[in-house]
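Novice: Below is a structure I'd like to ask you about.
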Amino acid sequence: MIQAPRGTFDILPESAAQRRVVEEQVEKILGAAGYRRIETPTFEATELFARGVGEATDIVQKEMYTFDDGGGRSLTLRPEITAPICRAYLEHGMHKLAQPVKLWYLSSCFRAEAPQRGRYRQFWQVGAEAIGSSAPETDAELIVLLADLLGALGVKGTRLRLSSLGTPETRSAYREELKDFLRAHEAELSEEVRSRIELNPLRAFDSDDRGTRAVMQDAPLLLDRLDEDDAEHFAQVRALLDDAGVRYELDPTLVRGLDYYTRTVWEFTSDALGSQSGVGGGGRYDGLIELLDGPPTPGVGWAAGIERMLLAAHDLAAPADFVDLYVALAAPEGNRTAFDLARAARRAGLQAQLELAGRSLKGQLKHADRIHARWVAIVGENGVVTLKDMESGDQRDAPVQNVIPTILRGGAAA
Ligand code: AMP
């Protein structure tokens with residue numbers, strides 16, 4: 001039997017209903033702050049991610065689904081959506097709009113990672129981006145919005161880690177300092193960290209290797225090297241979060257998986273998840289638009305994983321499906337009347353279902369009960385309809401044209 005590809009899953013109706021709740025909350029919380037929805041293509045030019053995410057990142061090196069489009073052009077299923085949004089910002093001349101341009105998305109991403117609980121090869125991200133503002137209020141607002149979303153969804157055991165990566169100049173000077181430090185301790189580092197000193201020294205902070213961890217205790221920290229402007233920007237972000245009552249831990253070793261971050265970076269984790277504890281995170285990416293050949297344009301944003309939010313929210317309750325009217329058949333000749341009635345009911349704004357399985361009348365009533373139908377119209381011979389109120393159990397015969405008005409009146413006599 002053919003099965004869904006490894007690392008992918010079907011979203012069955014119950015789970016689709018939970019996701020609708022997430023989407024409604026996203027729309028409400030981000031919409032209230034002026035963020036508007038955007039949807040970009042599922043695949044993009046490979047170069048967008050190579051440049052925008054960074055050649056040295058795990059994502060670009062190991063995790064992209066890349067293919068030739070048949071015409072010699074390399075395309076990639078999007079592993080993340082910030083670079084595509086920046087591409088869209090440039091392509092549609094959004095720098096001419098009032099800044100910042102505030103956008104949100106809810107779309108699937110693709111990464112060829114080893115599947116485990118909370119880690120899939122196709123997964124869904126909700127995210128928000130504010131492009132065109134360097135104000136610390138933007139960073140703080142985005143963090144607060146993500147905190148609000150996690151709160152509204154009942155995501156359990158969240159912790160927020162916060163740091164600042166400074167500007168590219170500070171960062172590259174710091175990188176050199178860190179590389180020197182790592183080289184000086186080369187013998188004590190893990191093979192993997194050692195092999196990546198040149199390409200991605202910051203990854204050393206992420207290592208699980210004991211020797212490496214011991215070395216990193218004394219490693220220089222970027223937070224201690226921020227220039228005055230960046231330090232001031234970060235202080236303001238923190239003051240705004242403090243005022244907003246958002247609790248965070250300063251984590252000078254916070255490394256985000258993507259290369260393009262500058263200044264503020266953050267990550268929410270949840271104790272309710274296993275090893276894949278990252279629920280959502282983001283940061284400022286003031287250099288990204290320029291990397292994509294645009295004018296210097298600041299930006300900041302976050303992404304959160306839908307599956308991980310749902311896992312960490314445990315049993316997010318979705319409203320039960322509701323059926324106003326179930327149209328049952330007592331005699332086969334009534335089928336056209338029944339069909340018309342169901343259709344007219346839907347046109348009148350009711351949720352109406354029709355018997356489609358050839359059940360006995362008893363079976364139909366049982367089914368109507370199972371799907372929690374509020375009313376059942378039993379269509380008999382010559383178009384006679386018996387309307388049954390499933391709440392009170394009352395039933396009465398009615399001409400077919402009276403059925404919908406009666407339901408719309410809530411059953412009261414005309
Ligand atoms: P990132 O773009 O790596 O910062 O990821 C943002 C969020 O997306 C993470 O916090 C996770 O919640 C989610 N995420 C990332 N990769 C995966 C994956 N392979 N499977 C499921 N969720 C993921």
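Novice: Given an 8 Å cut-off on Cα distances and at least 6 residues of separation, report the relative contact order of the chain as a percent. Spell out each step's value before the answer.
Specialist: Working: 714 pairs, mean separation 64.8, N = 414.
The value is 16 percent.
Novice: On average, how much area does the Cα convex hull of the stretch 235-319 cover when viewed from any direction, in nm²?
Specialist: Working: hull surface 31.9 nm².
About 8.0 nm², averaged over all directions.
Novice: If the elastic network links every pair of Cα atoms under 10 Å, which of Ala83, Ala135, Ala304 fluctuates the most in the Gaussian network model of the chain?
Specialist: Ala135
Novice: Work out Dmax and Rg for the stretch 128-257 from the C-alpha atoms and quote the Rg first, both in angstrom.
Specialist: Considering the stretch 128-257 through its Cα atoms, Rg and Dmax are 16.8, 48 Å.
Novice: The stretch 15-105: which GluC sites (Glu not before Pro) are DSSP loop and have at most 13 other beta-carbon atoms within 10 angstrom?
Specialist: When the GluC sites (Glu not before Pro) of the stretch 15-105 are filtered for loop state and at most 13 Cβ neighbours within 10 Å, Glu39, Glu55 remain.
Novice: Taking a ≥ b ≥ c as the square roots of the Cα gyration tensor eigenvalues, with a/c under 1.5 meaning rounded and otherwise prolate when a/b beats b/c, else oblate, which class fits the stretch 69-177?
Specialist: Judged from the Cα gyration tensor, the stretch 69-177 comes out rounded (a/c under 1.5).
Novice: Which shape class applies to the stretch 1-60: rounded if a/c is under 1.5, otherwise prolate when a/b exceeds b/c and oblate if not, where a ≥ b ≥ c are the square roots of the Cα gyration tensor eigenvalues?
Specialist: Taking the square roots of the gyration eigenvalues as a ≥ b ≥ c, the stretch 1-60 is oblate.
Novice: Between 0 and 90 degrees, rounded to the nearest ten: what's the tilt of helix 361-370 against the longest Cα principal axis of the chain?
Specialist: 30 degrees
Novice: Given an 8 Å cut-off on Cα distances and at least 6 residues of separation, report the relative contact order of the stretch 269-356 as a percent.
Specialist: On the way: 98 pairs, mean separation 18.7, N = 88.
Rounded, it is 21 percent for the stretch 269-356.
Novice: Would you mind getting me the FRET efficiency between Arg159 and Asn402? Use the beta-carbon distance for r and R0 = 41 Å, nearest 0.05.
Specialist: On the way: r = 60 Å, r/R0 = 1.46.
Step by step, r from the Cβ atoms, then E = 0.10.
Novice: Can you give me the Cα centroid spacing of the stretch 18-94 and the stretch 334-370 in angstrom?
Specialist: Cα centres, the stretch 18-94 to the stretch 334-370: 43 Å.
Novice: Hey, can you rank 226-233, 383-390 by average C-beta count inside 10 Å, highest first?
Specialist: Descending mean neighbour count gives 383-390, 226-233.
Novice: Sorted by packing (mean other beta-carbon atoms within 10 Å per residue), highest first, where do 353-360, 113-120 land?
Specialist: The peptides rank, most packed first, as 113-120, 353-360.
Novice: Something else: Assuming 0.36 nm per residue, please report the length gained on full extension of the stretch Lys179 to Ala330 beyond their Cα-Cα distance.
Specialist: Taking 0.36 nm per residue and subtracting the Cα distance, the gain is 46.3 nm.
Novice: Expressed as an acute angle from 0 to 90° and rounded to the nearest 10, what is the orientation of the C-alpha long axis of helix 82-91 relative to the principal long axis of the chain?
Specialist: Value to nearest ten degrees: 90.
Novice: For the stretch 1-143, what does the relative contact order come out to in percent, with C-alpha contacts under 8 Å and a separation of six or more?
Specialist: About 26 percent, as a whole number.
Novice: Would you work out if the stretch 204-259 is rounded, prolate or oblate? Take a ≥ b ≥ c from the square roots of the eigenvalues of the alpha-carbon gyration tensor; rounded if a/c is under 1.5, else prolate when a/b is larger than b/c, oblate otherwise.
Specialist: Cα axes put the stretch 204-259 in the prolate bin.
Novice: Which percent of the Cα-Cα distances in the chain go past 38 Å?
Specialist: For the chain, the fraction of Cα-Cα distances above 38 Å is 38 percent.
Novice: Taking the chain as the reference, fit the longest principal axis to its C-alpha atoms, fit the long axis of helix 168-184 to the helix C-alpha atoms, and give the angle between the two in degrees, 0 to 90, nearest 10.
Specialist: The two axes meet at around 70 degrees.
Novice: Sum up the lysine pairs in the chain that clear both bars: alpha-carbon distance under 22 Å and a spacing of 8 or more or different chains.
Specialist: Pairs that pass both the separation and distance tests number 4.
Novice: I'd like the trypsin sites (Lys or Arg not before Pro) in the stretch 198-290 restricted to DSSP loop residues with at most 16 other Cβ atoms within 10 Å, sorted by number.
Specialist: Arg247
Novice: Next up: Calculate, for Leu361 and Ala318, the FRET efficiency according to 1/(1 + (r/R0)^6) with r their C-beta to C-beta distance and R0 45 Å; round to the nearest 0.05. Kindly include the intermediate steps, with their values, before the conclusion.
Specialist: Numbers: r = 32 Å, r/R0 = 0.70.
FRET efficiency, Leu361 to Ala318: 0.90.
Novice: Which length gain, in nm to one decimal place, applies between Phe339 and Leu12 when the Cα-Cα distance is subtracted from 0.36 nm times their residue separation?
Specialist: Stretched fully, the Phe339-Leu12 segment lengthens by 115.0 nm.
Readers should treat all values here as calculations from the given coordinates under stated rules, not as data from a laboratory. It should be emphasised that the depicted structure is a prediction, and the values quoted were computed from it without experimental measurement. So basically every Cβ, Gly included, is an ideal-geometry build from the backbone, and we count neighbours across all protein chains shown.
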